[in-house]
Every structure is written in structure tokens, then in C-alpha cells.
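Below you'll find the structure, written out as C-alpha cells, and then a few comments.
The values are calculated or read from the model by the stated rules, or taken from the named source; none is laboratory data. All of these numbers come straight from a predicted model, not from anything done at the bench. Cβ: placed from backbone, ideal geometry, glycine included. Neighbour counts: every protein chain shown. All accessible areas refer to the heavy atoms of the entire protein, side chains included, with ligands and DNA or RNA removed. Shrake-Rupley method; radii C 1.70, N 1.55, O 1.52, S 1.80 Å.
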Amino acid sequence: MSIYLDYQAAKPVDVRVVSEMTIYFNNKFANPSSLHCDGDEATDALIESRQKIADFINAPNTSDIIFTSSATESNNLALIGSAMRNKKKGNHIIISEIEHISILNIAKYLEREGFKVSRVPVDQFGIIKLEKLEKLINDQTILISISTASNEVGSLQPIKEISEIAAKKNVLFHTDAVASEGVIPIDVQKVPIDMMTLSSNDIYGPRGVGALYLKKGVRINPIIIGGGQERGLRSGSENVPGIVGFAKAAEIMREEIKTEVIRLKSMRDKLIQEVLSRVPNSYLNGHPEKRLPNNAHFRFDYIEGESLILSLKDQKVAAATGSACSSKTLEPSHTLISMGLLHEEAHGSLLFTLGRFTKEADLDKAIEVLPGIVKRLRLLSPLTPPELIKKYNEVND
Ligand code: PMP
């Protein structure tokens with residue numbers, strides 16, 4: 001197993017979650033729709049789990065939680081479901097330029113279906129320009145969807161302000177909270193959010209489960225039609241073991257988030273400080289303070305992020321260049337380009353994301369090997385200026 005510093009892409013499932021789930025695979029396996037006692041047991045597990053997820057975000061009603069198969073599905077349900085429901089009111093949707101690929105592609109789909117989509121730009125730190133957002137709203141606008149935080153550069157968005165602007169203009173507001181849900185507590189009674197996407201794995205629960213928080217009174221159309229489960233908004237037999245695991249993960253996170261975040265922030269700050277001081281021509285992408293407590297996203301001049309990842313792989317350190325969901329394309333990151341970086345700058349990126357099981361020793365290893373890797377790649381790169389090569393060689397002497 002590598003030194004794993006790619007928690008944004010995937011997280012291990014907490015053993016406490018696995019043990020809670022196990023019984024629902026074999027002993028308590030019944031379908032909650034069945035009328036017998038075993039079905040009742042499964043129904044009880046669903047009720048309890050819905051309560052735990054509601055508590056996690058302080059949702060006032062358990063019926064505000066719709067279980068889905070993933071964050072991607074929750075995003076589809078929120079955007080397509082609300083667009084279809086409100087198409088008589090208007091056909092304009094606003095997202096940001098730096099949304100997760102799932103939101104970007106749903107927006108493109110809706111454009112093909114006749115909706116108009118505006119994309120709000122961000123500043124150099126990857127934070128939404130609020131005044132631009134406000135100007136984009138018109139009498140056709142039915143929905144604003146902006147993530148709580150960038151899953152890539154870690155910038156935190158002014159969600160409270162965005163939700164207040166949407167509420168003032170009577171426009172629905174959806175936020176994808178996947179990147180922040182395990183590190184920034186969110187209270188839907190304090191922030192006027194209409195819909196919020198949650199994922200189980202991002203809080204150390206199993207994959208294959210997600211949820212959409214849907215504020216009471218907000219009407220959307222289903223995108224999966226069938227037996228009418230989840231208030232008719234998401235048909236299909238419920239994934240009871242997965243939902244139980246998701247709920248247990250939320251319960252643990254609620255109890256541990258405060259201490260976990262203190263630990264993550266201190267490790268993140270050490271990593272940032274050490275990398276910037278040990279590697280010449282290195283920069284931090286995203287905002288220095290308004291960033292996810294577990295995110296350290298760097299940029300190094302004159303080298304490619306992919307070569308860095310492969311060299312780190314040789315040293316058994318697992319990192320990423322950016323979002324895992326877009327890592328197979330050769331295009332530079334849309335987030336970095338929106339922040340104003342040049343293509344060649346955007347290509348030299350490296351993302352470390354930390355998590356519950358990251359140890360100081362893991363960081364020490366990354367900090368120890370990274371400067372040498374960057375130096376070796378730069379000495380091979382035709383882009384490295386002679387002054388920097390000279391500097392590197394002088395240090396060698
Ligand atoms: N939104 C964000 C911000 C994400 O980072 C991800 C990927 N973890 C998703 C949505 C999609 O999640 P999934 O692939 O689990 O559906």
C-alpha cells in the first residue's frame with residue numbers, strides 16, 4: 001500500500017462503518033417494502049439512517065433526505081429534476097465555471113434540452129465573483145448550482161451569501177457539498193439551501209450511496225421512475241446496507257469532525273510550508289486561508305503534473321494532479337484556467353489531499369522525496385531556464 005495522499009478521489013471505509021453494515025447483507029437483508037417483520041426491520045433501519053443523515057446537516061425533517069446511488073445521481077436529480085419541474089417558469093440556470101465534471105456535463109445536457117446556462121467566473125483564488133453572479137440572474141432564472149468548495153483547489157465558496165442572493169431573487173439554490181462535507185460542518189437551517197448533494201464515501205462510508213437534501217416545499221421531478229420509493233423521487237429497492245453504512249459514517253463524522261479538522265489543518269499547513277520553502281518556483285493554488293482543511297494544491301514551473309505523479313508513484317506516494325474524475329483527459333484543468341492560469345502553468349499541478357488515516361510520517365515521506373523529484377524532472381526539462389539549472393548545480397557542488 002502506498003503512502004496515500006489522495007483522499008479527495010477515494011476514502012477508505014471506516015471499520016466501524018463496515019461492522020455496522022455487515023448484518024444488513026445477510027441477517028437483516030429484507031426489502032423495506034415487504035410487509036412482514038423482516039421488512040419492518042429494514043424499514044426501521046432506513047428510518048434511523050435517515051434521521052442520522054438529517055442530524056448531520058441539521059435538516060428539520062427526515063423526509064428532507066432522499067437516498068440515491070451517488071453524488072453524481074444526486075446532482076442529476078437536483079439539476080434535471082428542478083429544471084424539468086420549473087421549465088414553465090423559466091429556462092435559465094446558473095452554475096460556476098469550476099463545478100465538478102458531473103455538474104458541467106449535466107448543464108451541457110440541459111443546454112441540449114433547450115435550457116440556457118450561464119457560468120459564473122472565479123477570481124485568481126478560485127472563489128466565485130458574487131457581483132457577477134448577481135448580474136447574471138434574470139427573470140428566467142430558475143436555479144443556481146454552486147459547490148460549497150472546489151474539489152480541486154480547495155477554495156471555499158461564500159455559500160451563505162450565494163444562498164441569500166438566490167433566496168432574495170426567489171431562485172432555487174443547489175449546492176454540491178461533496179468536497180467539504182467531511183471537513184466543514186453545514187447547517188441547512190442557518191444557510192438557506194434548497195437542495196444539497198451529499199456522498200457517503202466522502203465521509204468514510206461505502207461507495208454506491210449518496211443523498212440529496214431537499215428542503216420541505218421544494219418541488220422537483222424524479223429522474224428515475226419505478227416503484228415509488230424515496231417519496232417517488234428515486235425509485236428502486238433501497239440499498240439498505242449502504243444506507244446504514246452512510247448513516248454510521250455521518251454519526252461518527254458528527255462526533256469527530258472538530259478534532260479531525262484541527263489535526264488535518266495542522267498537517268496541511270506543515271505540508272504547504274515545507275513544500276513551498278524546499279522547492280524553488282513552487283506556488284500554492286487556491287486561497288491561502290479560505291481553503292479545505294485537507295487540501296494542498298501546488299503548481300511547479302517547468303514540469304508536468306503527470307510526470308510528478310509517476311515519479312511519486314515510484315516512491316510509493318499516491319497523489320493526484322487534480323480531480324480524479326477528469327484525470328484521464330489531456331486538457332488542462334478547467335478550474336485552473338478559470339482562475340487565470342496559462343495552459344503551461346496549469347499542467348504543472350500536484351494535489352495532495354489528507355484524511356482520517358493520514359499520519360505525520362506520511363507527510364514527512366512526501367516532503368522528503370518531492371524536492372528531489374522536482375529537481376530531477378527540471379534538469380531533464382527543456383523549459384527550465386539556465387539560471388535555475390545553474391542554481392540547482394551550485395547546490396550540488
Ligand atoms: N461532486 C464532487 C465535488 C466530487 O468531488 C465528486 C467525486 N467524488 C462527485 C460530485 C461525484 O461523486 P461520485 O463519483 O461518487 O458520484
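Worth pointing out:
- Segment 87-108-segment 292-314 distance, computed between alpha-carbon centres (Å): 30
- Listed pairs Lys270/Lys316; Lys108/Lys132; Lys169/Lys270; Lys359/Lys391; Lys52/Lys160 exceeding 31 Å between Cα atoms: Lys169/Lys270; Lys359/Lys391
- Antiparallel DSSP beta bridges within the chain, percent to nearest 5: 55
- The chain: projected area of the alpha-carbon convex hull, averaged over directions, in nm²: 20.4
- The accessible area of Ser2, taken with all protein chains in place and a 1.4 Å probe, comes to roughly 50 Å².
- Longest to shortest principal axis, alpha-carbon extents of segment 257-396, angstrom: 48, 34, 27
- D_trans [Stokes-Einstein, Kirkwood Rh over alpha-carbon pairs] for segment 92-245, 10 °C, 1.306 mPa s, µm² s⁻¹: 97
- Debye intensity ratio I(q)/I(0), log10, segment 11-119, q values 0.21 Å⁻¹ (C-alpha model): -1.12
- Pairs from the table (Lys11/Lys248; Lys88/Lys135; Lys11/Lys365; Lys11/Lys87; Lys28/Lys216) lying more than 26 angstrom apart at Cα are Lys11/Lys87; Lys28/Lys216.
- Among Phe352, Leu383, Ser147 the positive-end extreme of the charge dipole of the chain (Cβ point charges): Ser147
- Candidates Ile203, Ile225, Ile243, ranked by Gaussian network fluctuation over the chain, Cα under 10 Å, top entry: Ile225
- GNM result for the chain, Cα springs below 10 Å: residue of Ile262, Ile80, Ile193 fluctuating most strongly: Ile262
- Carbon/sulfur fraction of accessible area - the chain, other protein chains in place, 1.4 Å, %: 53
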